[in-house]
1. Got at least one residue in region 282-291 being farther than 27 Å from residue 208 by Cβ, open to solvent by 30 Å² or more (accessible area, probe 1.4 Å), touching an Asp or Glu at 6+ places or on another chain (Cβ under 6 Å) and modelled with pLDDT of 95 or more?
2. For region 314-336: of the residues being within 16 Å of ligand 1 (Cβ to nearest atom) and outside any helix (DSSP H, G or I), which is most open to solvent (accessible area, probe 1.4 Å)?
3. Being closer than 24 Å to residue 158 by Cβ and either open to solvent by 40 Å² or more (accessible area, probe 1.4 Å) or not assigned by TED's automatic domain parsing to the domain that holds residue 329 (or both) is the filter here, so list the residues in region 74-112 that pass it.
4. Using beta carbons and a limit of 6 Å, which pairs, at least six apart or on different chains, have the first residue in region 127-144 and under 20 Å from residue 109 (Cβ atoms) and the second one part of a helix (DSSP H, G or I) and β-branched (Val, Ile, Thr)?
5. Of the residues 311, 212, which is surrounded by 15 or more Cβ atoms within 10 Å (Cβ to Cβ) and not in a helix (DSSP H, G or I)?
6. Would you please name the residue that is nearest to residue 348 (Cα to Cα), looking only at residues in region 133-156 that are part of a helix (DSSP H, G or I) and open to solvent by 10 Å² or more (accessible area, probe 1.4 Å)?
7. Of the conditions (1) part of a helix (DSSP H, G or I); (2) over 15 Å from residue 36 (Cα atoms), residue 103 clears all except one; give me its number.
8. Which condition breaks for residue 147 when tested against (1) in contact with a helix residue (DSSP H, G or I) (Cβ under 6 Å, 6 or more places away or on another chain); (2) under 17 Å from residue 310 (Cα atoms); (3) of a type in the set (D, E, K, R)?
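The values are calculated or read from the model by the stated rules, or taken from the named source; none is laboratory data. Worth saying up front: this structure is predicted, and the values here are computed from it rather than measured. Don't worry about glycine lacking a Cβ; one is built from the backbone with ideal geometry, like all the others, and counts go over all protein chains shown. Ligands, DNA and RNA are excluded from the accessible area calculation, which covers all protein heavy atoms including side chains. Shrake-Rupley method; radii C 1.70, N 1.55, O 1.52, S 1.80 Å.
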Amino acid sequence: MAAFASEFYLGASSGYTTPIMLVLGIETSCDETGVALYDTECGLLAHGLYTQIAMHREYGGVVPELASRDHIRRVLPLVGEVLGKSGKALDEVDAIAYTQGPGLAGALLVGASVGASLGFALGKPVIGVHHLEGHLLSPLLSSPAPDFPFVALLVSGGHTQLIRVDGIGRYTLLGDTLDDAAGEAFDKTAKLLGLGYPGGAALSALAEKGRPGRFRLPRPMLNSPDFDFSFSGLKTAALTLVRSQENDEETHADIARAFQDAIVEVLVKKSLLAARKCGLERLVVAGGVSANSELRRILSEKAAGIEVFYPDLEFCTDNGAMIAFAGAMRFLRGATPETGFKVRARWDLEFLQGSADLTQALP
Ligand code: KG4
Ligand code: ZN
C-alpha cells in the first residue's frame, strides 16, 4: 500500500506546478475504446466511444488479440473526433489519463502507449488510472453528484463489490464476490438462453416480458452475516432449469425473469444493509450492471431514507469520461505523473483499501 501511495500521491515532487485544466482520458481495458475531455472548471466537454461488441459477438466473447488490434485502429481517430467535438486543439490538453489496469494486457498497452506518447510529444504529464476507480467515481459526473461519504456497489462484468468511499482515494472494501461477478452471471445466463454476448442488457429486456413467480431461483448468500456475494451457484441453477424446461421464448422469458429477480434481490438487500451498517445515507451504484432498470426500480422502492445515485446510462459501461474524471481528480490532488508507461492486467484491490487520504490535499 505504501508503494502505491508514494507512487501516486507525492505530487509536490512532480515538478508540474500549473493548475490542471483540461484532461484527456483514454480507456482501452477491454472491448470499448473510450476517449473524453474533462475540464476541471467546466466539467465534461466531449466524449466518444467505439464499441467492439459486434466484432466479438460471433466468437461468443472477447478475443483479446482482436480487441488490441481494434483499439489501435480506433483510438487516435477517436481522440481527433473528441477534440473536434469540444472545439479544442491537442496542444490545449494539460494532462493525459489512461486506464492502467485491470484488464486485458494487450488492450491496456494500446491506451498506455498512446497516452504516454502524446504526453511525451506535448510535454504534458500522464497518469495511469485504476479502471475500478473510474467506475466508482462515474456518478460524480452526474447531477446531482453524491457528496462523500457513501457506500458504493460496484457491479460490472468483472467485479461485484461493496466499498465504503470517504473521499477520492479513501476506499474501504466491505465485501466482494467469492466467484462470478454479477455481470458475468448475467452474461453466462444470457448465453444459455441464446441471447449472445454480452447478454446482460438483452437478458434484462427479455425478463421484462417474463412472468414473475413461475420459477424461483436461489438467492445465494442473501442472509450471510457479511457483505460478500456468490453467483456461480445461481448460474448453475439457471442452467439446470433451462435444461429441464421447454425451449420456447415464453419459458426463456420466465427464466430470465427468475434469474434477474434473484440477483437483484441479493444486490439490493446487501447494498442497503451495508449503507445502514455504515450509518450512511447515500448509496452509489456503478459499473455495467448499474444500467439494469429492475435493479434501479427495486432499489428506489426499498431505499427508505437512503439516497441512491447512478452514473448516467451512457457512463455505466466502460467509457473514457470516467477515466478523464478520475485522472483529473488525482492530478488536482497532486498525483505524481508516470515516467514511461506500464500496464497492470491484474491490479490488486489493495489499491482500493485505504489508499491515501486525498481529500485534504485539494488546492
Ligand atoms: O462495467 P462494464 O462495462 O465492464 C467491466 O468493467 O467489466 O460492465 C459490463 C457488464 C456486462 O457483463 C454486461 O452484460 C453488463 O455489464 N450489463 C448489464 C446491463 N447492461 C450492461 N447487466 C444487466 N442489465 C443491464 N441492463
Ligand atoms: Zn468496466
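1. Yes, region 282-291 contains at least one residue that is farther than 27 Å from residue 208 by Cβ, open to solvent by 30 Å² or more (accessible area, probe 1.4 Å), touching an Asp or Glu at 6+ places or on another chain (Cβ under 6 Å) and modelled with pLDDT of 95 or more.
2. Ranking the candidates gives 317 first.
3. Of all residues in region 74-112, those closer than 24 Å to residue 158 by Cβ come to 74-75, 78, 97-112.
Residues satisfying the conditions are 74, 104, 105, 109.
4. The qualifying pairs are 129/323; 134/323.
5. Of the residues listed, the single one that is surrounded by 15 or more Cβ atoms within 10 Å (Cβ to Cβ) and not in a helix (DSSP H, G or I) is 311.
6. Start the filter on region 133-156 by keeping residues that are part of a helix (DSSP H, G or I), which leaves 133-141.
So of that shortlist, the ones also open to solvent by 10 Å² or more (accessible area, probe 1.4 Å) come out as 140-141.
Numbers: 140: 24, 141: 25 Å.
Restricting to residues being part of a helix (DSSP H, G or I) and open to solvent by 10 Å² or more (accessible area, probe 1.4 Å), the top hit is 140.
7. Single failed check for residue 103: (1).
8. So the condition that residue 147 fails would be (1).
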